[in-house]
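Asks: My structure is below; once you've seen it, I'll send some questions.
The values are calculated or read from the model by the stated rules, or taken from the named source; none is laboratory data. If you're wondering where the values come from, they're calculated on a predicted model, not measured in any experiment. Cβ atoms come from the backbone with ideal geometry, glycine included; neighbour counts cover every protein chain shown. Ligands, DNA and RNA are stripped out before the accessible areas are found, and what is left, the full protein with its side chains, is counted by its heavy atoms. Shrake-Rupley method; radii C 1.70, N 1.55, O 1.52, S 1.80 Å.
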Amino acid sequence: MIEKNSITKFQRVVMEVFGGCNYTCQMCPQTSPGRGSNFTRKMPLTQFKNILDQIVPKYGNPQINLEGSGEPTMAKDLPLYIEEVKKRNLKCFMYCNGARLNGQFMNEVVDAGIDFIRFSMIGYNRDLYKKWMNIDNFELIKSNVREIKSYIKKNDSKCKVSTYHLITDNKNIDYEINEYKKLSDELDATSYIWKMHNWSGNFENPNQRSPTERRTCGRPFAPEITIRAGGEIGRTASMVPCCQTLGPPNEEKSILGHLDKSSFEEVYFGKKYQELRDAHEKKEFDKIEYCKNCDFLYDDPEVLIWSNDPSAKINHMLGTEEDFILTDYDNKNKILS
């Protein structure tokens, strides 16, 4: 049992600004069967601010990630959300596909003070990118990366830019690493290459991770939380265990409560969250429908395949303190206090 106020310092809050996406990527449940209109909405700015004020500074000064599992750049007023984060002197991160991140919109995003932007590029050439991300935007994204890097340099911004890649064929890992390295060098980018995952069992991964004895992923005890823009029908701001429960059938099952009508404490210290922690502490994962088939329970040392970021570590949350590594939070005694 986790008592109220036993956590005093969150390091990361993943707060989804927009639940929908302008891509239909092959490896994402956003595409098939799709999330449903109750999840693909925009989080109202007033609600976003209210949630921030419930957490900060009472529960620390965490890094705020704006993506959740939707595409944040779909929010036309995205700079306003970034400004709210920066008003509170917090770090602001965003993982995106980057297709809309150019021109005046891009300028305003950077000017708002965002600290870190990650472009997802699955496929190391035009054909593979089109296959996996289902759109012929490979050259556009490369152009957008160059444009934003130029704007950052010109305006002396502190924003960092990186690229994110997935191995598309586990039988050719070494070859794919080398090809991705060429792309990373071409863009002069900090890059990360990962193995694919199965979105808590919602996605039949053609590049499966090797199953091992299951152990907790650490998320139920870690100093981070994930909040969706949507939730159950007619509700918003649902809190879920992690971003991996994207899509049916598990996304709605994973809702631990909604912050539209409940307080942060009511949800975070509530019954559903406690049941999740108890199952992970006892390794009774089959009791949790949205956890039992998740491949993040496997201890695969090759999940992070390659990075040119010297600080990169397996299960390390980007931008957080070096000691925030998910698998360190294997029981309630590891929670920060």
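Asks: Let me have the 222 nm mean residue ellipticity of the chain computed from DSSP H runs of 4+ only, each contributing -39500 (n - 2.57), with the sum over all residues rounded to the nearest 500. Please list the in-between numbers first.
Replies: Details: 9 runs with 90 residues, N = 337.
Taking each H run of at least 4 residues, the total per residue is -8000 deg cm²/dmol.
Asks: Hey, got the dipole for the chain? About the Cα centre, +1 on K and R Cβ, -1 on D and E Cβ, debye to the nearest 20? Display every interim value, and only then the final one.
Replies: Numbers: 47 positive and 48 negative charges, 120 e Å.
Dipole about the Cα centre, nearest 20: 580 debye.
Asks: Follow-up. Carbon and sulfur together cover what percent of the accessible area of the chain at a 1.4 Å probe radius?
Replies: On the way: 6580 of 14340 Å².
Solvent-exposed carbon and sulfur of the chain make up 46 percent of the total.
Asks: Now for a different question. Among all stretches of the chain without exposed GluC sites (Glu not before Pro) (DSSP loop, at most 10 other Cβ atoms within 10 Å), which one is longest? The partial results should precede the final answer.
Replies: Values: sites that count: E3, E204, E213, E322.
Counting only loop sites that pass the neighbour cut-off, the longest clear stretch is 4-203.
Asks: Mind checking the dipole of region 131-234: about its Cα centre, +1 per Lys or Arg Cβ, -1 per Asp or Glu Cβ, Debye to the nearest 20?
Replies: Details: 17 positive and 15 negative charges, 70 e Å.
Charge dipole of region 131-234: 340 debye, to the nearest 20.
Asks: Continuing with this model, one more query. What fraction of the Cα pairs in region 63-186, stated in percent, has a spacing above 26 angstrom?
Replies: Details: 1769 of 7626 pairs.
For region 63-186, the share of Cα pairs beyond 26 Å comes to 23 percent.
Asks: Another question about this same structure. Lysines within cross-link reach of K154: Cα-Cα under 27 Å, excluding same-chain residues under 8 positions apart?
Replies: Counting by Cα, and skipping residues close in sequence, K154 has these lysines nearby: K76, K86, K87, K91, K142, K181, K182.
Asks: Please compute the volume of the convex hull spanned by the alpha-carbon atoms of region 176-310 and report it per residue in Å³.
Replies: Taking the convex hull of the Cα positions in region 176-310, it is 143 Å³ per residue.
Asks: Something else: Over the chain, with the other protein chains present, what is the accessible area per residue in square angstrom, probe 1.4 angstrom?
Replies: Working: 14340 Å² over 337 residues.
On a per-residue basis, 43 Å².
Asks: Then there's this: Taking the convex hull of the Cα atoms, report for the chain its projected area averaged over all directions, in nm². Don't jump to the answer; show the numbers that get you there.
Replies: Values: hull surface 61.6 nm².
Projected over every direction and averaged, the Cα hull of the chain covers 15.4 nm².
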